[in-house]
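Peer 1: Structure provided below as structure tokens; questions to follow.
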Amino acid sequence: MPHCAPCAWRAGGVSPPVRDARGGSQPGANAPGSPIAPVRLLAVLVASAILSQSLAIVRAGADIHEQIAETQAKVVKIYGAGGLRALEAYQTGFLISAEGHVLTAWSHVLDSAVVTVTLDDGRRFESKLVGADSELELAVLKFDGSDLPHFDLSSLAAAEAGTRVLAYSNLFGVAAGNEPVSVQRGVVAARIPLSARRGIFESRFQGPVYILDAVTNNPGAAGGPVTNLAGELIAMLGKELKSAESNLWLNYAMPIDPLAPAVTRILAGAAEPLTAQTPTSKSSDGLDPRDLGIVLVPDVVQRTPAYVDEVRPNSPAARAGLLRGDLILFVDGQLVPSVKVLCELLAKAEHAASFKLTVLRDGNTVELTVQTPPLPSAERAG
Amino acid sequence: MTVGRAMTYDRGVLVALLGIVAAASATAVSAEPDVPAAVLQAQADRVATIARARNSVVAIFGSRGSEGGSGIVISRDGYALTNFHVVVGTGAAMKSGLPDGRLYDTVIVGVDPTGDVALVKLLGRDDFHAAELGDSDTARPGDWVFAMGNPFLLATDFQPSVSYGIVSGVHRYQYPAGSFLEYTDCLQIDAAINPGNSGGPLFDSAGRLIGVNGRASFEKRGRVNVGVAYAISINQIKNFLGCLRGGRIVDHATLGARLATDADGTVRVAEILEECDARRRGLHHQDELVRFAGRSIRTVNEFKNVLGIIPAGWRVPIAYRRGGEIHEALVRLESVHAEAELWKQLADRPRSSDDIATIPEAVVPYYEKRTGYANFYFNRENQDRVFRALAASGSFDQLAGPWTITGQVEAGGQITLRLKQAEAACRLPMGESMLSEEEDLTAALDSAGDGGLLLAMHLWRKLLVAGSAGFDDLYYYGTWPLSHEGAMADVLVAQLARVECQFAFDSRDGRVATLELSTEASGDSCRVEFAEPQEVDGRWLPGRVTLHRGDRAVGSYKLEQFSFDPSRAEGE
């Protein structure tokens with residue numbers, strides 16, 4: 001597996017340690033090391049945090065293993081889209097109902113016709129997307145289950161800097177089938193706003209987040225639960241992000257308390273399901289992007305993102321403020337995964353009405369209101 | 001910044017920081033009287049455990065110093081474990097630093113390229129601190145563990161680094177690179193593992209060795225710890241240790257079958273070789289594998305995990321379901337690699353330093369280069385050890401003349417065996433058979449008359465009388481379990497003409513316990529078990545031999561009379 005590497009040390013040009021005549025050891029030359037002292041300092045601070053944190057586990061008693069096993073049974077492995085370079089086709093989620101509701105991170109993995117959920121006991125289910133919150137970057141999946149162990153979102157535990165935590169995830173896809181997900185231990189270092197980016201894009205989620213002292217946000221870890229030592233849910237691991245300031249990879253989790261209301265809304269059906277609707281045939285009087293003055297990028301792949309290639313002057317789109325280069329994310333709250341879906345949604349839109357477009361522009365989401373033109377009285381030209 | 005300048009600077013900073021931490025923890029303890037006594041006790045215990053465990057931790061350096069890793073001493077006389085990929089870098093001779101501040105010449109012993117394990121031996125003392133071996137199968141997610149070693153080759157003063165963490169997962173399967181460096185049934189930990197930690201110990205919270213740290217998930221964050229590392233389980237290494245001690249390049253096993261998960265989730269035989277022991281023991285295409293080597297099999301990964309901890313050549317019990325019925329069998333596992341492919345793993349090392357000219361003088365007496373072995377010196381040493389133990393049952397080298405053995409056939413009738421140096425004869429109720437080394441011995445193996453018994457007894461006598469000189473080739477295999485719940489047996493493999501003969505020795509008395517014959521042309525081996533020892537003129541000899549073909553016992557013979565004729569010249 002490419003991500004796994006043996007960890008011998010090989011370096012060129014370093015001499016062996018030699019013993020001097022007095023019997024003491026004298027390094028013949030140089031241990032390669034990190035030349036940056038602050039990194040060392042950080043390591044030592046982290047080490048001391050680990051020492052203090054280990055005490056609590058002692059206090060937590062002998063049943064920590066059972067508690068870990070109980071929590072692992074609530075965590076699921078999610079498989080969907082991806083598989084390209086640096087885009088893993090898997091992530092993590094956790095059960096929030098006995099009937100098979102799964103909370104996870106909103107990511108490219110879910111952008112697939114089939115999203116498979118594998119339970120701790122190895123059972124596999126196809127799930128459907130119940131809904132997502134693009135600001136909080138969370139999603140709720142559902143599969144047909146019953147009597148499943150799950151976290152209760154109505155009773156949440158608080159955490160603060162210094163809280164010892166356990167993070168569960170299927171990082172690197174290590175666990176398959178009935179193999180329990182990985183568990184890591186750490187300490188909440190801080191609760192702060194998130195200032196991060198992924199690639200060149202700023203993170204849409206702005207926090208607050210818990211910064212953790214353990215390396216928790218590895219590939220595939222997004223959507224994993226973070227609990228305190230009593231097994232109570234505290235947070236959800238986020239996607240891999242780099243700090244906007246330091247450019248270092250972040251280890252963080254999204255506190256569950258601000259997420260829970262959004263989940264409740266989604267479960268109550270207040271938010272429209274974001275699933276791509278079953279394509280319907282275009283009604284003769286439906287809208288076409290061209291009717292709005294939108295020229296999209298050529299629809300060349302199965303899921304061409306709905307990027308705006310051009311906006312016709314004086315068109316409804318231009319009046320709404322749509323710009324060339326915008327990426328259309330939602331139409332009236334409905335997810336737009338592709339040019340194809342956008343056309344389908346518009347085909348069902350009504351004339352002489354208005355709808356909301358959510359677009360991504362320079363890393364920010366922008367809400368636009370588009371006034372649709374009246375039904376044309378004559379045949380469209382061309 | 002050059003590495004050279006970084007070194008002194010770094011060490012200064014490190015020492016200073018360690019001082020700060022030490023001072024800070026001392027302050028913290030005294031300034032926080034409300035810390036429960038149990039917690040302080042746990043901390044003190046941990047400190048004491050680490051102080052004890054560290055004495056066995058080795059910092060391994062190659063002779064050029066540009067490579068290296070970590071290791072762990074497991075015996076008073078200096079045997080130490082490390083990773084195969086560490087010794088590939090260092091070559092046959094290396095230097096090992098221990099926390100006593102001394103550097104010991106170290107020689108390669110045996111390697112397992114598939115499992116990424118190497119056994120080395122530190123020279124010069126017989127009172128090294130040895131780590132206590134634990135039981136890795138009892139590890140559970142959440143267990144506290146600590147890793148020690150030489151990350152980034154920092155331990156220029158040979159004082160190991162320690163990192164603390166928990167078990168993140170057990171029975172993990174990590175795919176190999178090609179067919180080597182496969183981590184099966186391994187422990188996943190979140191203690192920091194960095195380049196240079198390779199080959200170092202993973203201890204449980206009581207300081208028992210439960211694994212050898214060997215690999216980590218390094219990806220976009222670079223070659224540094226990401227909280228995901230893997231240790232080869234000590235239970236796997238225990239299985240291979242006997243073979244490693246024999247200086248061999250040890251191979252992993254194959255069942256001869258490929259398993260796949262069915263749509264209904266059962267693990268079934270998707271393909272099986274026509275000529276493999278599993279096939280001969282009755283395993284068929286589409287059979288559901290239920291148990292393998294004592295463990296239940298529910299997924300293909302579970303199968304791969306168990307298969308990966310067993311050396312080629314062992315027999316393991318399996319259970320499979322066909323048509324609702326469970327069948328059980330004892331199956332011999334075969335080598336997964338061709339010899340040449342396996343040997344290449346060691347021969348192809350980038351800067352081979354096993355040229356005898358470059359090996360330090362102190363190591364030269366302990367190193368013997370031979371194709372197919374990591375270090376034949378240790379194979380020879382183990383052969384000698386096995387023969388010494390065998391000699392305790394009596395001296396046979398003066399009995400080079402013909403032997404006559406008579407006894408009773410269990411099924412009724414008499415048996416008479418006449419064994420000479422290069423020929424033998426046998427009389428049984430059903431008829432007579434003869435063999436001569438002038439002729440094709442493989443025919444004697446498939447002899448319809450005696451079922452291979454005569455050839456087995458002939459080769460048994462040869463081993464007792466002539467030792468390794470009686471065979472075309474002989475090597476020490478290592479150990480395998482004598483019975484599948486039982487003790488380990490030393491095994492010698494001898495070749496004569498085209499017959500391979502495997503002698504397994506009872507560890508309690510050093511005598512031959514089983515002898516197994518096979519030829520290159522596959523087919524069921526002929527196995528003879530020796531039992532009911534009796535003393536004849538100060539020599540211990542078997543009172544009963546039982547003959548097995550495949551999984552069937554085909555004959556049992558009570559041996560009553562042994563007569564040796566030392567007066568007649570050999571070869572008559």
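Read the figures in this text as sums done on the coordinates, not as results from a lab. If you're wondering where the values come from, they're calculated on a predicted model, not measured in any experiment. Backbone-built Cβ (ideal geometry, glycine too); neighbour counts: all protein chains shown.
Peer 1: Using the number of other C-beta atoms within 10 angstrom as an exposure proxy, rank A:ASP144, B:ASP565, B:ASP204 with the fewest first.
Peer 2: Numbers: A:ASP144 10, B:ASP565 13, B:ASP204 23.
If I rank by nearby Cβ atoms, fewest first, I get A:ASP144, B:ASP565, B:ASP204.
Peer 1: A further question on this structure: Does region B:390-564 come out rounded, prolate or oblate by the C-alpha gyration tensor, with a ≥ b ≥ c the root eigenvalues, rounded set by a/c under 1.5 and, if not, prolate when a/b is larger than b/c and oblate if not? Please report the intermediate quantities before stating the final value.
Peer 2: Values: a/c = 1.18, a/b = 1.08, b/c = 1.09.
Rounded.
Peer 1: Could you work out how much longer the chain between A:GLU99 and A:ILE192 gets when fully extended? Use 0.36 nm per residue separation minus the Cα distance between them, nm to one decimal. Kindly include the intermediate steps, with their values, before the conclusion.
Peer 2: Values: separation 93, 0.36 × 93 = 33.48 nm, distance 3.40 nm.
Going from the current span to full extension adds 30.1 nm.
Peer 1: Still on this structure: Which trypsin sites (Lys or Arg not before Pro) does region B:257-288 hold that lie in a coil by DSSP with at most 14 other beta carbons within 10 Å?
Peer 2: none
Peer 1: Tally Lys/Arg at +1 and Asp/Glu at -1 over every other residue whose Cβ is under 15 Å from the Cβ of A:ASP147; what's the total? All intermediate terms of the calculation are to be shown ahead of the outcome.
Peer 2: On the way: positive: A:LYS74, A:ARG123; negative: A:GLU70, A:GLU99, A:ASP120, A:ASP121, A:ASP144, A:ASP152.
Taking every other residue near A:ASP147 into account, the sum is -4.
Peer 1: Rounded to the nearest 500, what is chain B's calculated 222 nm mean residue ellipticity when only DSSP H runs of at least 4 contribute -39500 (n - 2.57) each, over all residues? Present the calculation step by step, with values, prior to reporting the outcome.
Peer 2: Details: 10 runs with 121 residues, N = 572.
Value at 222 nm, helices only: -6500 deg cm²/dmol.
Peer 1: Rounded, prolate or oblate: which fits region B:86-130, taking a ≥ b ≥ c as square roots of the Cα gyration tensor eigenvalues, rounded meaning a/c under 1.5, else prolate when a/b beats b/c?
Peer 2: Working: a/c = 2.24, a/b = 1.83, b/c = 1.22.
It comes out prolate by the Cα gyration axes.
Peer 1: Binning every alpha carbon pair distance of region B:136-238 at 5 Å from zero, what are the percents per bin?
Peer 2: 3, 14, 26, 25, 19, 9, 3, 0
Peer 1: Restricting things to alpha carbons, find the Rg to Rh ratio for region A:39-268 using the Kirkwood radius for Rh. Walk me through the numbers before you get to the answer.
Peer 2: On the way: Rg = 16.5 Å, Rh = 17.5 Å.
Result for region A:39-268 is an Rg/Rh of 0.94.
Peer 1: Checking the cross-link filter: which lysines have an alpha carbon closer than 23 Å to that of B:LYS420, excluding same-chain neighbours under 8 positions apart?
Peer 2: Here the lysines satisfying the reach criterion relative to B:LYS420 are B:LYS462, B:LYS558.
Peer 1: Rounded to the nearest 0.05, what FRET efficiency do B:LEU40 and A:ARG265 give with R0 = 51 Å and r taken as the Cβ-Cβ distance? Could you check? Present the calculation step by step, with values, prior to reporting the outcome.
Peer 2: Values: r = 48 Å, r/R0 = 0.95.
Efficiency for this residue pair is about 0.60.
Peer 1: Between rounded, prolate and oblate, where does region B:362-418 land on the alpha carbon gyration tensor, with a ≥ b ≥ c its root eigenvalues, rounded for a/c under 1.5, else prolate if a/b exceeds b/c? Walk me through the intermediate numbers first.
Peer 2: Values: a/c = 3.80, a/b = 2.78, b/c = 1.37.
Prolate is the answer for region B:362-418, as a/c is 1.5 or above and a/b outweighs b/c.
Peer 1: Output ³J(HN,Hα) for region B:370-375: one whole-Hz value per residue in order, computed from phi by the Karplus curve 6.51 cos²θ - 1.76 cosθ + 1.60 with θ = phi - 60°, and x for Gly and Pro.
Peer 2: 8, 4, x, 10, 6, 7
Peer 1: For A:MET236, B:MET488, what's the fewest-to-most ordering of other Cβ within 10 Å of each Cβ?
Peer 2: Details: A:MET236 26, B:MET488 16.
With the sparsest Cβ surroundings first, the list reads B:MET488, A:MET236.
Peer 1: How far is it, in nm, from the label point at B:VAL364 to the one at B:GLN414 when both lie 7 Å from their Cα along the line to the Cβ?
Peer 2: Distance between the two pseudo-spin positions: 6.2 nm.
Peer 1: Fewest Cβ neighbours within 10 Å first, please rank B:LYS462, A:LYS242 accordingly. Display every interim value, and only then the final one.
Peer 2: Values: B:LYS462 21, A:LYS242 16.
Starting with the residue having the fewest Cβ neighbours, the order is A:LYS242, B:LYS462.
Peer 1: Fully extended, how many nm does the chain gain between B:ARG385 and B:GLU520 (0.36 nm per residue separation, minus their Cα-Cα distance)? Please list the in-between numbers first.
Peer 2: Working: separation 135, 0.36 × 135 = 48.60 nm, distance 2.83 nm.
Stretched out fully, the B:ARG385 to B:GLU520 stretch lengthens by 45.8 nm.
Peer 1: At what distance in nm do the modelled label points of A:ALA230 and B:GLU132 sit from each other, each positioned 7 Å from its Cα along Cα→Cβ?
Peer 2: Inter-label distance under the simple model: 3.6 nm.
Peer 1: Can you list the aspartates and glutamates whose alpha carbon is less than 13 Å from that of A:LYS239, not counting same-chain residues fewer than 8 positions off?
Peer 2: Straight-line reach from A:LYS239, under 13 Å: A:GLU88, A:GLU137, A:GLU202.
Peer 1: Starting from 0.36 nm per residue, how many nanometres of slack lie between A:THR116 and A:ASP152 once their C-alpha separation is accounted for?
Peer 2: On the way: separation 36, 0.36 × 36 = 12.96 nm, distance 2.26 nm.
Gain on extension, A:THR116 to A:ASP152, equals 10.7 nm.
Peer 1: Quick one: Cα centre-to-centre distance for region B:226-291 and region A:331-373, in angstrom?
Peer 2: Spelled out, the Cα-based centre of one part sits 55 Å from the other.
Peer 1: Between B:GLU560 and B:LYS344, with labels modelled 7 Å along Cα→Cβ, what's the label distance in nm to one decimal, could you check?
Peer 2: 5.9
Peer 1: Continuing with the same structure: For region A:100-191, what are Rg and Dmax over the alpha carbons, in angstrom?
Peer 2: Just the Cα atoms of region A:100-191 yield Rg and Dmax of 14.8, 41 Å.
Peer 1: Over chain B, calculate the relative contact order: mean separation of alpha carbon pairs under 8 Å at least 6 apart, over the residue count, as a percent. Working shown, then result.
Peer 2: Details: 1368 pairs, mean separation 58.0, N = 572.
Contact order relative to length: 10 percent.
Peer 1: Shifting gears a bit: Could you compute the net charge surrounding B:GLU339? Neighbours are other residues with a C-beta less than 14 Å from the C-beta of B:GLU339; K and R count +1, D and E count -1. Please list the in-between numbers first.
Peer 2: Working: positive: B:ARG248, B:LYS344, B:ARG370; negative: B:ASP251, B:GLU334, B:GLU341, B:ASP473, B:GLU500, B:GLU520.
Cβ neighbours under 14 Å give a net charge of -3.
Peer 1: Too long at a 21 Å Cα-Cα cut-off: which of B:LYS121/B:LYS304; B:LYS95/B:LYS369; A:LYS77/A:LYS128; A:LYS74/A:LYS128; A:LYS74/A:LYS142? Could the numbers behind the result be given before it?
Peer 2: Working: B:LYS121/B:LYS304 30 Å; B:LYS95/B:LYS369 19 Å; A:LYS77/A:LYS128 15 Å; A:LYS74/A:LYS128 18 Å; A:LYS74/A:LYS142 14 Å.
Distance filter (> 21 Å) returns B:LYS121/B:LYS304.
Peer 1: Follow-up. Normalise the Cα radius of gyration of chain B by 2.2 N^0.38 Å (N = residues in it) and let me know the number. Don't jump to the answer; show the numbers that get you there.
Peer 2: On the way: Rg = 27.0 Å, N = 572, 2.2 N^0.38 = 24.6 Å.
My calculation over the Cα atoms of chain B gives 1.10.
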